[in-house]
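Visitor: Questions regarding the structure given below will be posed in turn.
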Amino acid sequence: MSIHSRSRPFVARGLFWLALSGGTPLAAQQPITLPQAIALAQEQGYQARAAAATRDAARHRDRAFYARLLPQLSLGGNVPFYNRSIIPVILPDGSTGFRPQNLTNSSLTMTMSQKLPVIGGDLFVTSGLSRLAVTVDTSIRSWSSTPVQIGIRQDLFRPNATVWDRREETVRSELAERQFLEAREDIAIQTSALFFDAYAARVGLDNAVKNAAVNDTLYTLNKGRFEVGKIGENDLLQSELALLRSRSSLDGALLEHQRAAAALRLALNLSIGTPLEVAVTAAVPDFEADTARAVAEAMRNRAAVQDAELQGVQANRRVTEARLNTGMGATLQASYGFNATGSEFGLAYRNLQEARTFQLAVQIPFLQWGAHKEGVQAAVADRERVTNLSRSVLEQTVQDAHFAALQLSQARRNLTISAKADTVAGKRFEVAYNRYVIGRIAIDNLYVAQAEKDQALLQFVQALRGYWQAYYRLRRATLFDFATGQEIL
């Protein structure tokens, strides 16, 4: 009689216990594969949604930034301003008297402004209309209009904030996209770990059910042998102890299976109680990860590279600002337009006259007690710090990609060896079991073969887990899929 046929009653009892504990036999539901689990986690998992929200926020900020560089149209004014007060008034005889005054002032101004990308100034065009009504002893009403006025405001010998902002935003938007891709690969790594936790728990449960069934059969067989005097009491007690231990291991395997399934269900954002079973094959992608290619792709795709570039731009900006903001500077403002005034609305747009303004404000510091020099040196030292930290990060990125490729190759070799060892150990236990049944080996040898079979099975599951973890770590380290030869987007 074979092992599987003799253990069938106890296997049935184990599956019954599994059903009572909330699990479901594999054949009763559609199993989920590792790629399906990762796709589900990246689509609807809580971490995936948070990563997508972070990326979307960065995209909105990027669009808002460039929208602010387009012409801006605004409307402002007072509608109206009212003031009633007692004011001093010069009387006809030259004396001063006090009279109540009612003042109403209404104004509207429409302004279109545009950032000048090259020089960093502001170009503006305005059009305004205002009405003034003053009543003291008599009422005076007047209108004033500025149909059009064009002007410019420009800082001289100062950092061009618009240019620096544009440089930062270009790198920052690309950084956000790279960080989103890396976040998705982080989710893939975490999901694969939870997936193989569930798979290992399932394999461990199946193995525990089979071991308990085998030990139950052996104990029944040994009781019969003991009664006819073929074995001693020590062998019978050893068989009973193995049975008790296998039943205890089965209870632990049941609990571990429930915990692992619940953790995977949470990562996939599935409701509590949703049937979940995993399907795993020993087949893995057949490719070789070249270390040089891995390093090149990492330096092209990783967010760390973009982050180092962003920090470099910010450090250079701080140096420029330290050199120019506290030194000599000037502000130029000039405008040209037309305006007119009249006692009636229509008269305010007749007989237009030129309106010109020009202002050059100069700031020249004479005594700073070395503050300017020290500020520049501090910014330069900070830039040196950023440069060295960035180099360290980039070198670490190179190493991560290099060893991730090597680790994947090692994981593949380890998987091949573990698969062979699992097959050999399983065959050895089957031979040992059959030889023990016919009385050709001692019970100690049988239990040694059983322990080696369990260990080989565990090592195979861990090797399979290690391969897929290495596979997704390589994707994370390079943002490149070597299986398809395509960049991860």
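Visitor: Assuming 1.306 mPa s and 10 °C, estimate D for the stretch 302-436 with Stokes-Einstein, Rh taken as the Kirkwood radius over Cα pairs, in µm²/s. Could the numbers behind the result be given before it?
Guide: Numbers: Rh = 23.3 Å.
Once the numbers are plugged in, D ends up at 68 µm²/s.
Visitor: Shifting gears a bit: Please compute the Cα-Cα pair-distance distribution of the stretch 28-140 with 10 Å bins starting at 0, giving whole percents from short to long.
Guide: P(r) for the stretch 28-140, in whole percents per bin: 10, 18, 15, 14, 14, 11, 8, 5, 3, 2, 0, 0.
Visitor: Considering only Cα-Cα distances, which of the following residue pairs are longer than 20 Å: 230/453; 210/427; 210/453?
Guide: Working: 230/453 27 Å; 210/427 15 Å; 210/453 12 Å.
Long pairs (Cα-Cα over 20 Å): 230/453.
Visitor: By how many nm would the segment from residue 111 to residue 423 grow when fully extended, if each residue of separation counts as 0.36 nm and the alpha-carbon distance is taken off?
Guide: On the way: separation 312, 0.36 × 312 = 112.32 nm, distance 8.07 nm.
Net length gain for the segment: 104.2 nm.
Visitor: D for the stretch 343-386, whole µm²/s, Stokes-Einstein with Kirkwood Rh over alpha-carbon pairs at 20 °C and 1.002 mPa s: what number?
Guide: Numbers: Rh = 16.1 Å.
Rounded to a whole number, D works out at 133 µm²/s.
Visitor: At q = 0.09 Å⁻¹, what base-10 log of I(q)/I(0) does the Debye formula yield for the chain when every alpha carbon is treated as an equal point scatterer in vacuo?
Guide: Taking Cα atoms of the chain as identical point scatterers yields -0.86.
Visitor: In a Debye calculation with equal point scatterers on the alpha-carbon sites of the stretch 97-181 and no solvent, what is log10 I(q)/I(0) at q = 0.12, 0.15, 0.16, 0.25 Å⁻¹?
Guide: -0.65, -0.77, -0.80, -1.11
Visitor: Using a basic spin-label model with each label point 7 Å from the Cα along Cα→Cβ, how many nm lie between residue 374 and residue 324?
Guide: Going from the residue 374 label point to the residue 324 one covers 2.5 nm.
Visitor: Then there's this: Counting other Cβ atoms within 10 Å, which chymotrypsin sites (Phe, Trp or Tyr not before Pro) in the stretch 349-409 have at most 15 and lie in a DSSP loop?
Guide: Numbers: sites: 349, 358, 366, 369, 403; in loops: 366, 369.
Here the chymotrypsin sites (Phe, Trp or Tyr not before Pro) that fit, given the DSSP loop and packing criteria, are 366, 369.
Visitor: With the Cα gyration tensor of the stretch 108-251 in hand, convert its eigenvalues to equivalent ellipsoid semi-axes via √(5λ) and list them largest first in whole Å.
Guide: Numbers: eigenvalues 1789, 96, 21 Å².
Values for the stretch 108-251, descending: 95, 22, 10 Å.
Visitor: Between residue 190 and residue 483, what FRET efficiency comes out of the Förster formula 1/(1 + (r/R0)^6) with R0 = 25 Å and r the beta carbon distance, rounded to 0.05?
Guide: Working: r = 20 Å, r/R0 = 0.79.
Efficiency, from the Cβ-Cβ distance: 0.80.
Visitor: Which whole-number value in Å³ per residue fits the convex hull of the alpha carbons of the stretch 116-158?
Guide: Values: hull volume 3.6 nm³, N = 43.
Expressed per residue, the convex hull around the Cα atoms of the stretch 116-158 is 84 Å³.
Visitor: Here is a further query. Can you show me the helix-derived [θ] at 222 nm for the chain, built from DSSP H runs with n ≥ 4 at -39,500 (n - 2.57) apiece and divided by the number of residues, rounded to the nearest 500.
Guide: On the way: 10 runs with 290 residues, N = 489.
Only helices count here, giving -21500 deg cm²/dmol.
Visitor: Which value, in Å³ per residue, describes the convex hull spanned by the Cα atoms of the stretch 164-312? Provide the component values of the computation, followed by the final result.
Guide: Working: hull volume 29.0 nm³, N = 149.
Roughly 195 Å³ of hull volume per residue.
Visitor: With N residues in the stretch 379-489, what two-decimal value do you get for its Cα radius of gyration over 2.2 N^0.38 Å?
Guide: It is 1.79.
Visitor: Direction-averaged shadow area of the convex hull around the Cα atoms of the stretch 262-382, nm²? Walk me through the intermediate numbers first.
Guide: On the way: hull surface 94.4 nm².
Approximately 23.6 nm², given one-decimal rounding.
Values quoted throughout were computed directly from the atomic coordinates according to the rules given, and no laboratory measurement underlies them. Because the structure is predicted, anything quoted here is derived from the model rather than measured. Note that we place each Cβ from the backbone using ideal geometry, even for glycine, and neighbour counts take in every protein chain shown.
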